[in-house]
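Before any comments, here is the structure.
The values are calculated or read from the model by the stated rules, or taken from the named source; none is laboratory data. Since this is a predicted model, take the numbers as computed values, not measurements. So basically every Cβ, Gly included, is an ideal-geometry build from the backbone, and we count neighbours across all protein chains shown. Side chains included, ligands, DNA and RNA excluded: accessible areas come from the protein's heavy atoms. Shrake-Rupley method; radii C 1.70, N 1.55, O 1.52, S 1.80 Å.
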Amino acid sequence: MPRRPRIHLPGFPLHVVQRGHNRDACFFAEEDYLAYREWLGEACQATGCALHAYVQMTNHVHLLLSPPESEAVPRLMISLGRRYVQYINKSYRRTGTLWDSRYKSSLVQADCYLLLCQRYIELNPVRAAMVDDPAHYRWSSYRTNGLGQSDSLLTPHAVYSSLGANEADRLVNYRSLFRPELDTEAISDIRMALDQGQPLGDARFIDSIERATGQRREIRPRGRPRKAMLEETGPQDQKSLHM
């Protein structure tokens with residue numbers, strides 16, 4: 001089945017994930033995290049992309065950014081990926097690819113899902129049992145978004161800025177979002193949207209994206225079909241559902 005084209009629209013937040021090849025590590029030492037951060041900042045500046053949240057995990061990266069034009073994100077990812085791979089190969093005397101061939105992305109409905117997506121990104125180290133508090137993980141945007149630590153990489157989204165009239169209120173209100181755990185349905189929705197390259201939003205948002213792109217963007221449920229679906233199909237149809 002051919003891959004669906006990615007959706008990159010000017011000004012719309014985009015959740016991007018890039019994984020190491022075969023889920024192997026892509027960061028090996030502190031210097032690697034720092035090098036990636038430096039080139040990420042340069043790539044954002046060169047392309048005009050505004051970065052709202054990020055996390056650098058051992059074998060993958062999450063970015064939440066808003067591009068000024070549809071081609072800005074591919075340019076950012078190509079430039080950043082190329083520089084970082086060259087650095088890793090030279091530093092560790094290795095050859096070949098470092099990243100999976102394609103990064104995954106999902107357009108995000110800002111007013112309803114942007115802060116949910118930021119929480120998902122910044123809680124990655126907690127879900128991975130690397131830390132018990134996102135503030136204890138150095139390589140993410142939480143210390144800036146939640147604690148006010150300076151980070152030149154980040155540009156606050158208007159939805160984040162609306163959390164309070166001043167920085168102190170915003171930080172308190174943002175941290176309060178992390179008290180309840182993300183429910184499994186929210187995590188599943190975010191992952192499914194990424195896996196299928198689909199928008200993350202309500203029906204009205206998805207309809208607006210379909211009109212803007214001329215493409216149908218219905219998210220298909222993962223896993224085995226429900227029993228009712230199987231009962232309504234014949235033996236040959238049932239076989240095709242599992243292919």
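The table that follows gives values for the structure above.
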item: Residues that are open to solvent by 40 Å² or more (accessible area, probe 1.4 Å) and either under 13 Å from C112 (Cβ atoms) or part of a loop (DSSP other than H, G, I, E, B) (or both), drawn from segment 198-207; result: D202, A203, R204
item: Test: residue in segment 175-190 that is open to solvent by 60 Å² or more (accessible area, probe 1.4 Å) and within 20 Å of H60 (Cα to Cα); result: yes
item: Residues of segment 88-100 satisfying the condition of being open to solvent by 80 Å² or more (accessible area, probe 1.4 Å) and either aromatic (F, W, Y) or in contact (Cβ under 8 Å) with a residue 12 or more places away in the chain (or both); result: Y92
item: Criterion (under 22 Å from T184 (Cα atoms) and open to solvent by 10 Å² or more (accessible area, probe 1.4 Å)) met by exactly one of V108, V126; result: V126
item: Flag if E69 is closer than 29 Å to D202 by Cβ, more than 17 Å from the chain's Cα centre (by Cα) and among the charged types (D, E, K, R); result: yes
item: Qualifying residue in segment 75-87 (condition: closer than 28 Å to A186 by Cα, of a type in the set (V, I, T) and open to solvent by 40 Å² or more (accessible area, probe 1.4 Å)); result: no
item: P134 being in contact (Cβ under 8 Å) with a residue 24 or more places away in the chain and either open to solvent by 20 Å² or more (accessible area, probe 1.4 Å) or touching a Phe, Trp or Tyr at 6+ places or on another chain (Cβ under 6 Å) (or both); result: yes
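Residue-wise test of (1) open to solvent by less than 60 Å² (accessible area, probe 1.4 Å); (2) β-branched (V, I, T); (3) modelled with pLDDT of 95 or more; (4) more than 14 Å from the chain's Cα centre (by Cα).
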| residue | (1), (2), (3), (4) |
| --- | --- |
| L114 | yes, no, yes, no |
| Q118 | yes, no, yes, no |
| I121 | yes, yes, yes, no |
| R138 | no, no, yes, yes |
| G146 | yes, no, yes, yes |
| H157 | yes, no, yes, yes |
| N166 | no, no, yes, yes |
| E210 | yes, no, no, yes |
